[in-house]
1. Would you check which residues across region 182-206 are touching a residue at least 12 places away in the same chain (Cβ under 8 Å) and closer than 24 Å to residue 164 by Cβ and list them?
2. Confirm whether residue 132 is loosely packed, with under 13 Cβ neighbours inside 10 Å, at pLDDT below 75 and of a type in the set (Ser, Thr, Tyr).
3. Tell me yes or no: at least one residue of region 318-334 is touching a Cys at 6+ places or on another chain (Cβ under 9 Å) and either modelled with pLDDT under 85 or crowded, with 18+ Cβ neighbours inside 10 Å (or both).
4. Against the definition (at pLDDT below 90, in a loop (DSSP other than H, G, I, E, B) and out of contact with any Asp or Glu (no Cβ under 8 Å at 6 or more places or on another chain)), how does residue 338 come out, yes or no?
5. Confirm whether residue 160 is at pLDDT 75 or above, farther than 30 Å from residue 68 by Cβ and assigned to a strand (DSSP E or B).
6. Taking region 13-33, which residues are in contact with a helix residue (DSSP H, G or I) (Cβ under 6 Å, 6 or more places away or on another chain) and at pLDDT 90 or above?
Amino acid sequence: MASRYWVVSLPVQNSPTSLWNRLQEQISKHSFDTPLYRFNIPNLRVGTLDSLLALSDELLKSNSFVEGVSHKIRRQIEDLERVSGVESSSLTVDGVPVDSYLTRFVWDEAKYPTMSPLREIVRVAEYNNVRSQLNAINRKQSGSLAVRDLSSLVKPEDIITSEHLVTLLAIVPKYSQKDWLANYETLTNYVVPRSSKLLYEDNEYALYTVTLFGRVADNFRTAAREKGFQIRDFEYSSEAQESRKQELDRLVHDQDNLRSSLLQWCYTSYGEVFSSWMHFCAVRVFAESILRYGLPPSFLACVLAPSAKGEKKVRSILEEFCDSTHSTFWKSEEEVGPMAGLGGDADAHPYVSFTINLI
């Protein structure tokens with residue numbers, strides 16, 4: 001399927017049917033590789049010109065929001081499928097593939113123009129919150145010794161705590177281990193000789209213990225820092241260790257449950273959001289066509305999927321269906337500025353046009 005479509009409307013001079021037939025003929029003759037579809041829009045309530053101008057502004061903002069939600073849910077589904085290792089399923093809207101829903105669009109009278117609220121989007125935030133907590137724990141468990149949780153590396157017998165003695169944990173750059181072993185006993189008074197023991201090494205650092213009198217611990221920290229050694233605050237607690245393990249198990253369990261329910265919700269919600277997005281597009285085409293071509297509403301809306309190399313030719317074909325007055329006005333650089341936002345495209349055209357990116 002194509003991932004990029006144009007939604008355009010052309011002014012009708014005689015009848016929509018004859019214009020459609022002529023457009024099909026020209027596209028078939030000069031750009032046969034460009035799929036072309038009717039975009040069926042009901043006869044909506046027009047309102048005043050002022051209300052249409054205000055609506056055009058609001059639709060552009062709301063369309064951007066709904067489009068963003070659509071893409072966010074799609075990316076969320078892809079992320080969940082990748083993490084879960086499940087086979088990717090094709091996204092659907094009302095049971096049909098998303099590209100088919102766009103190219104065979106039919107206005108849903110039962111649901112719109114009243115928009116269904118996107119309430120359960122909060123589930124995404126809940127899942128991401130649990131996942132971020134897990135990522136933080138994983139970073140602490142697998143990061144470098146300078147930042148990771150040390151509780152899994154230190155055993156009760158490694159720590160001496162008495163009325164006068166304490167054991168500190170030193171993070172030593174691997175290239176400075178000889179310097180540490182040669183100097184730690186003299187960084188301050190009252191360091192227990194030969195008390196430093198290597199507990200663990202990673203690619204950058206080594207974890208050493210050192211035992212000394214508690215009353216000189218602050219002096220030792222300061223002297224160690226000046227030498228480029230980091231003293232990590234650590235207090236061994238079997239209760240805290242067990243609590244951390246239980247918290248990790250709970251988060252893993254919560255993430256698995258949330259991932260499963262979120263993936264199911266995303267599949268359902270993607271269809272609802274995509275449907276909302278296409279109805280937004282229909283209202284945009286209607287409102288902007290009236291602002292462009294005037295009243296009463298008389299325009300032909302269609303969807304095209306030109307190839308990159310065929311875009312220029314298709315633009316030329318579409319322009320031929322607009323009278324010279326429209327073409328001159330919309331090509332005028334001075335005149336384009338304030339009106340360019342109506343179509344939603346950076347380039348101005350003598351017809352309503354904006355782009356839909358499905359991915």
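1. Across region 182-206, the qualifying residues are 183, 184, 187, 188, 189, 190, 191, 192, 195, 196, 197, 199.
2. Here the answer is yes, as residue 132 does meet what is asked.
3. yes
4. Judged against the criteria, residue 338 is not a match.
5. no
6. 26
Listed here are the residues, each with its yes/no results for (1) in a strand (DSSP E or B); (2) more than 23 Å from residue 148 (Cβ to Cβ).
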| position | (1), (2) |
| --- | --- |
| 180 | no, no |
| 184 | no, no |
| 195 | no, yes |
| 200 | yes, no |
| 203 | no, no |
| 211 | yes, no |
| 215 | no, yes |
| 222 | no, yes |
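The values are calculated or read from the model by the stated rules, or taken from the named source; none is laboratory data. Fair warning: this is a prediction, and the values are worked out from it, not measured in the lab. Backbone-built Cβ (ideal geometry, glycine too); neighbour counts: all protein chains shown.
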